[in-house]
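The block underneath contains the structure these notes are about, expressed in structure tokens.
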Amino acid sequence: MPMSLQSPSILPEMDPAIWSRLPEELLEHVLSFLPLRTFLNLRSTCKHFKSLLFSPSFMSKHTTPGSPFSSFLLLSHPQFYQQFPLYDSLIGSWRHLTLSLSVLLPVTGSNGSPSCTLLSSSNGLFCFSLRSSYSLLVCNFLAKSSRIVEFPSYPFSFDSLTFVSEPFGYKIFVLCSKFSYNSVFVYDSKVHSWQKFDRFEPILGDGYRQEGVLFDGSLYFTTSEPFSIVCFDLESGRWERLDSELPGDLAFVRLVSDGENKLYLIGGVGRNGISRGVKLWERGDGWNWIEVESLPEMMCKKFVSVCYHNYERVYCFWHQGMICICCYTWPEILYCKVSRRTWHWLPKCPSLPEKWSCGFRWFSFVPELYAAV
């Protein structure tokens, strides 16, 4: 029988001696097509595969944009006990793949789950607070690597934390205004050390907990009422309040950056602190704001009912061409596809218990095998 007509079940197996002589450049090419699930488990299967994945030649070929990985929206909620369901934003559905912190952190709390809280994410890296050791944990789930970063001050308490990745490293910005001092701490992974900036002007307002937005080398924040924009230079440690006139009749306001050269303003428009509409503006020349989109009326009614006019619970972030608007009390995401200027609701996670409580935190997860901790 001709070989082409033989059943696959009776095809002869390739001689292991032939496999052992497979050129490494061909093996690298084959590995580049493996799905994310396989990459997550590959390091523990073979020492040769592990060394190959992190070889300079393999890294140089597979760290460019357009890698084979999907991008995800990751959900954190107390009822998941440090398990993190993933929504695949490329195919538009929940994946049967859940990330677990237990493979990186053996220390557990009283209920058997790691005693930590997910705080922030950036380009494949995540930052956790470790409650038992007064420190932070930075990890790369894909590479199964992690680093504990000791916090330089005691007690370990802060108002706001912003985690930003940079070429060949990352920085952690921590804002502290408790215990009779106002300080900013900035951790630089390139030198593995903290820098402290004391006695800044409390220009953000009391109880401020929003993350900063990285844009042009600085972190940008919106203040509490009267609304304004301030920035913190990550190199010099200087604060500056921008002379930028914001749109009128704002009930709340948030900033989002695409990570490159665009900065967006999301705001609720209304009177007496009640939003009657939600609008999106883009930064123009001279820090003027150009309106680009408005949330449709029916979606706006749902959003307002979800927030119940408590806009302190609202937070926003950028994810793969989408501006995501979330609320701690609601398990869905309202998002805008910027290029199409269309609005959508992301469906609830199917594994969420029927009786759920507040505490939903969403994060952008764009897997990056070589994001170093």
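The values are calculated or read from the model by the stated rules, or taken from the named source; none is laboratory data. A quick note: this is a predicted structure, and the numbers were derived from the prediction, not measured. Note that we place each Cβ from the backbone using ideal geometry, even for glycine, and neighbour counts take in every protein chain shown.
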*Would you mind stating whether F158 is free of Cβ contacts under 8 Å to residues at least 40 places away in the same chain, in contact with a helix residue (DSSP H, G or I) (Cβ under 8 Å, 6 or more places away or on another chain) and either closer than 21 Å to R361 by Cβ or not in a loop (DSSP other than H, G, I, E, B) (or both)?*
no
*Answer yes if at least one residue in the range 28-39 is modelled with pLDDT under 70, in contact with a strand residue (DSSP E or B) (Cβ under 9 Å, 6 or more places away or on another chain) and either surrounded by 11 or more Cβ atoms within 10 Å (Cβ to Cβ) or in the same structural domain as C349 (by TED's automatic domain parsing) (or both), and no otherwise.*
yes
*State whether the residues of the range 279-288 include one that is of a type in the set (S, T, N, Q) and assigned to a strand (DSSP E or B).*
no
_Top-ranked residue of the range 145-159 - restricted to ones that are closer than 10 Å to V373 by Cα and among the hydroxyl-bearing types (S, T, Y), ranked as modelled with the lowest pLDDT_ = S145
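With the requirement that a residue be of a type in the set (K, R) and surrounded by 14 or more Cβ atoms within 10 Å (Cβ to Cβ), what does the range 261-309 give you? Let's see the steps before the verdict.
Start the filter on the range 261-309 by keeping residues that are of a type in the set (K, R), which leaves 262, 271, 276, 279, 283, 301-302.
Those that are of a type in the set (K, R) and surrounded by 14 or more Cβ atoms within 10 Å (Cβ to Cβ): R276, K279, R283, K302.
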*Return the pairs, sorted by first residue and then second, in which the second residue is polar (S, T, N, Q), the first residue lies in the range 299-321 and is under 18 Å from T222 (Cβ atoms), the beta carbons are less than 6 Å apart, and the residues are 6+ apart or on different chains.*
R313/T329; F317/S364
*Looking at (1) over 14 Å from the mean Cα position of the chain (by Cα); (2) under 23 Å from H77 (Cα atoms); (3) surrounded by 15 or more Cβ atoms within 10 Å (Cβ to Cβ), find the lone condition where W362 falls short.*
(1)
_Set V191, V184: member being surrounded by 18 or more Cβ atoms within 10 Å (Cβ to Cβ), out of contact with any Lys or Arg (no Cβ under 7 Å at 6 or more places or on another chain) and in the same structural domain as R209 (by TED's automatic domain parsing)_ = V184
*Mind listing whichever residues of the range 206-230 are at pLDDT below 90 and surrounded by 18 or more Cβ atoms within 10 Å (Cβ to Cβ)?*
Q210
*Among residues belonging to the range 231-254 that are of a type in the set (K, R) and touching a residue at least 24 places away in the same chain (Cβ under 8 Å), point out the one that is surrounded by the fewest Cβ atoms within 10 Å (Cβ to Cβ).*
R241
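Looking at the range 339-359, which of its residues are more than 27 Å from F141 (Cβ to Cβ) and surrounded by 13 or more Cβ atoms within 10 Å (Cβ to Cβ)? Explain how you work it out, then say what you get.
First pass over the range 339-359, keeping only residues more than 27 Å from F141 (Cβ to Cβ): 339-343, 354-355.
Within the range 339-359, W343 is the sole residue that qualifies.
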